[in-house]
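Heads up: the structure comes next, in structure tokens.
The values are calculated or read from the model by the stated rules, or taken from the named source; none is laboratory data. Because the structure is a prediction, the values reported are computed rather than measured. Note that we place each Cβ from the backbone using ideal geometry, even for glycine, and neighbour counts take in every protein chain shown. Accessible surface is based on the protein model in full, side chains and every heavy atom, while ligands, DNA and RNA are left aside. Shrake-Rupley method; radii C 1.70, N 1.55, O 1.52, S 1.80 Å.
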Amino acid sequence: MDRFQVEGPTRLAGEVPTSGAKNAALPCLAATLLTAQPVRLTNVPEVRDIRTMQKLLQHIGVFLSSEPGAVTVEAREIGSADAPYDLVKTMRASVLVLGPLLARSGFVRVSLPGGCAIGVRPIDLHLEAFRRLGAEVTMQHGYVEARAGRLAGAEIVFETVTVTGTENAMLAATLARGTTRLVNAAREPEVSDLADLLRAMGARIQGDGTDVISIEGAERLHGAEHSIVPDRVEAGTYAIAGALTRGDVTVTRCRPADLKALTTRLSSSGARVKAGDDWLRVQGTDTLEPQDLATAPHPGFPTDLQAQWMALATQMAGITTVTETVFENRFQHVPELVRMGARIKLEGRWAIVEGPTPLTGASVMASDLRASAALVLAALIARGETIIDRVYHLDRGYDRMEIKLSNLGGRVYRSSFPTGTFPIPERTR
Ligand code: UD1
């Protein structure tokens with residue numbers, strides 16, 4: 001059980017490199033199950049969800065070798081087409097093996113993910129897509145089982161935009177007989193990154209990045225090498241940190257084109273934003289204007305940056321409303337921000353933030369991945385020491401955050417101690 005100790009206030013300045021996107025690396029790792037040949041992925045982030053996916057692939061029986069930033073998988077045979085509860089409960093994205101295992105071996109058994117901190121998050125749309133492709137899907141003892149001969153291409157209309165649902169259907173359809181059309185598909189850059197890998201493996205896919213994706217199934221796919229797209233959520237988090245700390249932060253190795261919903265709002269709030277093809281510079285100002293927002297599927301404002309935006313909203317001069325439209329319970333950072341001095345009221349899917357309020361250091365609890373990031377950002381500008389417990393949530397998706405922030409001048413220290421003990425925090429730097 002690690003915790004962060006953050007001493008504020010600080011002003012961040014300098015350059016911070018973006019890691020590869022966890023949300024692209026996960027489906028790409030699942031895609032390696034579609035071929036018996038080696039697939040090498042580079043620019044893979046060093047985060048816990050990636051290690052969980054690697055464990056799951058090893059459980060399935062693949063040969064896997066990893067080195068810093070790269071993973072090679074060779075799924076010569078599928079030993080065990082299942083994802084057990086122990087792995088799925090720690091990472092919902094484990095369900096991404098459903099599509100490739102069903103397509104490759106005609107059978108798959110995966111534990112149902114159940115609820116999570118940010119909402120119910122069912123997988124009914126994934127399962128409906130597999131049924132449309134000809135699979136028989138049943139559920140018993142907390143597991144979903146799907147079986148099929150060769151899948152058959154079909155038209156699949158998603159009732160709601162689902163990112164991993166789109167990816168799962170796309171993965172399954174690559175080996176189906178005939179053409180599949182995904183309608184109301186997710187347009188997230190991570191879906192396009194998966195499509196790029198699948199094309200490199202020999203798949204025929206068109207339309208990714210739009211809401212209609214067509215996949216012409218192939219008999220088999222082959223090995224490939226692919227570099228994972230930069231993490232837009234990580235890049236966005238550091239960009240917000242630049243504005244929040246009234247700093248001067250340049251995020252390198254990112255794709256500003258994927259972050260327009262954020263950067264236009266940052267500019268409108270008064271922060272100075274400059275962007276090149278693969279870098280983004282954000283300079284804060286003394287007064288930030290309120291900027292209301294509602295989350296939405298890409299190219300809308302990402303729900304994965306809503307909590308971090310709310311930390312920024314506490315410093316805007318006036319009332320900001322934040323509407324969460326994607327997940328029903330994604331405001332767990334609010335009570336913790338309030339403990340630090342923020343004035344935020346919750347009304348269903350709306351949060352009303354009154355600013356600017358000076359924040360003060362406090363002991364707070366990380367509840368989910370992006371909520372944890374919001375607390376770290378708030379701690380950077382809070383006066384005094386903030387202790388953030390349960391940073392394992394943060395470690396699921398942020399690659400060495402304390403080191404990246406320290407390099408920008410943040411005073412962020414990690415301390416590790418076994419569960420159930422209460423040591424005096426030791427600085428790791
Ligand atoms: C992915 C991202 C996550 C991000 C989210 C929304 C990964 C690994 N995770 O999650 O970081 O916050 O997209 O951008 O890429 N839904 C259903 N039935 C389904 C599937 C989804 O009702 O079968 C609902 C969900 O409960 C939610 C909405 O659809 O309300 C969108 O969820 P979805 O896009 O599927 O999120 P994930 O793919 O799980």
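Things to note:
- Contacts under 7 angstrom Cβ, first residue in segment 313-340 being in the same structural domain as residue 371 (by TED's automatic domain parsing), partner among the acidic types (Asp, Glu), 6 or more apart: 316/289; 317/289; 319/354; 320/292; 321/292; 330/324; 331/324; 332/368
- Output for segment 160-185, where each listed residue is open to solvent by 10 Å² or more (accessible area, probe 1.4 Å) and either in contact with a His (Cβ under 7 Å, 6 or more places away or on another chain) or farther than 16 Å from residue 148 by Cα (or both): 160, 161, 162, 163, 164, 179, 181, 183, 184
- When segment 353-381 is limited to residues that are among the hydrophobic types (A, V, I, L, M, F, W, C) and outside any helix (DSSP H, G or I), the one that is most open to solvent (accessible area, probe 1.4 Å) turns out to be 365.
- Boolean, residue 194 is more than 30 Å from residue 47 (Cα to Cα), modelled with pLDDT of 95 or more and touching a helix residue (DSSP H, G or I) at 6+ places or on another chain (Cβ under 8 Å): no
- Verdict on residue 33 being at pLDDT 95 or above and within 16 Å of the ligand (Cβ to nearest atom): no
- Search result, residues across segment 9-20 that are among the small types (Gly, Ala, Ser) and open to solvent by 10 Å² or more (accessible area, probe 1.4 Å): 13, 14, 19
- Test: residue 80 is in the same structural domain as residue 145 (by TED's automatic domain parsing), in a strand (DSSP E or B) and more than 16 Å from the ligand (Cβ to nearest atom): no
- Any hit, segment 36-48, residues being more than 11 Å from the ligand (Cβ to nearest atom), closer than 26 Å to residue 392 by Cβ and in a helix (DSSP H, G or I): yes
- Given (1) open to solvent by 40 Å² or more (accessible area, probe 1.4 Å); (2) out of contact with any Gly (no Cβ under 9 Å at 6 or more places or on another chain); (3) outside any strand (DSSP E or B), index of the condition residue 194 fails: (1)
- Beta carbons closer than 6 Å, at least 6 apart along the sequence or on distinct chains, pair a first residue in segment 186-213 that is within 15 Å of the ligand (Cβ to nearest atom) with a second that is open to solvent by less than 10 Å² (accessible area, probe 1.4 Å) and of a type in the set (Ser, Thr, Tyr) for 186/166; 191/166.
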